[in-house]
Amino acid sequence: MTLQLHGHPFSSYTWKALIPLYANVTPFEFKGMAGDRPLSEQLPGKAHPGGHIPVLVDGDTVVVEATSIVEHLAVHHPGPAPLIPADPAEAVVARMIDRVFDNYVMGNMQRVVAAHFISRDKPELGLSETPNQAEIAAGRARLRQAYAWLEQWLSKNTLPPHVSLVTCAAAPSLFYADWIERIPSDCPRLTRLRAELLELSAVSRCVEDARPYREFFPLGAPDRD
Ligand SMILES: N[C@@H](CCC(=O)N[C@@H](CS)C(=O)NCC(=O)O)C(=O)O
């Protein structure tokens with residue numbers, strides 16, 4: 001039975017699930033979300049405990065959380081992309097950096113985006129005329145902190161080869177975070193990593209799938225990438 005991925009082409013976490021599917025040329029059906037209804041109403045059987053996307057349906061198995069989707073694909077639908085390093089110690093490091101990108105880059109990027117909506121819990125209500133400036137400033141400061149940490153980590157460590165779990169987390173989070181808080185010039189390794197990720201065909205496919213939706217980026221999408 002064909003895999004089904006429920007998501008939206010502009011959603012950063014949907015990219016995280018799409019990248020391994022594209023990298024391994026895994027057959028799947030993309031089930032897009034209709035924009036004007038709450039996600040909780042649209043997911044299969046309200047499949048995600050938080051009403052979030054992406055959700056992967058693999059036969060009778062429903063997989064939630066993008067990291068777990070990548071792990072599920074690595075186990076049940078392996079291909080040429082080494083999603084999880086075979087060496088257990090290297091896998092631990094990959095999972096740690098996955099957490100760093102999700103929690104401190106993706107999380108603070110989403111925090112700034114959410115500060116532009118009337119309600120954080122119901123983005124479908126639309127944009128606020130008075131975005132929460134304190135939240136925006138705090139999210140941007142945390143992004144700078146995460147960039148500095150990653151730059152320092154990259155100066156001493158090597159990432160697993162692409163396409164790995166780290167690729168899947170780093171590509172969407174750095175893509176969108178840089179639109180909010182540009183990676184500074186004193187983080188050349190991180191700048192190079194973002195550019196390298198965008199060169200990967202599995203990632204550039206996501207960028208192109210999402211391009212028609214850029215007008216919905218609440219801060220206004222920059223004229224690049
Ligand atoms: N922890 C979740 C986060 C997923 C997430 O934040 N998805 C966003 C889209 S990128 C979403 O569903 N937003 C809509 C909402 O929260 O209603 C994961 O790793 O999959």
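The values are calculated or read from the model by the stated rules, or taken from the named source; none is laboratory data. Not measured: the values here are computed from a predicted model. Cβ placement follows ideal geometry from the backbone for every residue including glycine, while neighbour counts extend to all protein chains displayed. These area figures cover heavy atoms from the full protein model, side chains too; ligands, DNA and RNA do not enter into them. Shrake-Rupley method; radii C 1.70, N 1.55, O 1.52, S 1.80 Å.
Express as a percent, rounded to the nearest 5, the fraction of DSSP beta bridges in the chain (both residues included) that run antiparallel.
So the antiparallel bridges in the chain amount to around 60 percent.
Using Cα pairs under 8 angstrom and six or more residues apart, how large is the relative contact order of the chain, in percent?
24 percent.
Over the range 93-220, what percent of the accessible surface lies on carbon and sulfur atoms, probe 1.4 Å?
C and S atoms contribute 51 percent here.
Suppose accessible area is computed on protein heavy atoms with a 1.4 Å probe; arrange Met106, Met33, Met96 from highest to lowest.
Details: Met106 0, Met33 25, Met96 85 Å².
Ranked list, largest accessible area first: Met96, Met33, Met106.
Considering Cα pairs under 8 angstrom that are at least six residues apart, work out the relative contact order of the range 103-201 and quote it in whole percent.
For the range 103-201, the relative contact order is 31 percent.
Please give the Cα centre distance for the range 167-193 versus the range 67-108, rounded to the nearest Å.
Between the Cα centres of the range 167-193 and the range 67-108 lies a distance of 18 Å.
Using only protein heavy atoms and a 1.4 Å probe, report how much of Ile118 is accessible, in Å² to the nearest 10.
Roll a 1.4 Å probe over it and Ile118 shows about 110 Å².
Please label the shape of the range 83-225 as rounded, prolate or oblate, based on the square roots a ≥ b ≥ c of the eigenvalues of the alpha-carbon gyration tensor (a/c under 1.5 means rounded; beyond that, a/b larger than b/c means prolate, else oblate).
Details: a/c = 1.88, a/b = 1.60, b/c = 1.18.
The shape class here is prolate.
Given a 1.4 angstrom probe, what's the average accessible area per residue across the range 53-143, in square angstrom?
Working: 4750 Å² over 91 residues.
That works out to 52 Å² per residue.
If you rank Arg224, Arg95 by how much accessible surface each has, with a 1.4 Å probe, what is the order from largest down?
Arg95, Arg224
If each DSSP helix of 4+ residues adds -39,500 (n - 2.57) and the sum is divided by the residues in the chain, what number results at 222 nm, nearest 500 deg cm²/dmol?
-15500 deg cm²/dmol
Please work out how much accessible surface Tyr13 shows to a 1.4 Å probe, ignoring ligands, DNA and RNA, in Å² rounded to 10.
Taking all protein chains as shown, Tyr13 has close to 50 Å².
For the range 105-209, run through the trypsin sites (Lys or Arg not before Pro) and keep only the ones in DSSP coil with at most 16 other Cβ atoms within 10 Å of their Cβ. Don't skip to the answer; put the middle values down first.
On the way: sites: Arg111, Arg120, Arg140, Arg142, Arg144, Lys156, Arg182, Arg189, Arg192, Arg194, Arg205; in loops: Arg120, Arg182.
Those satisfying the criteria are Arg120, Arg182.
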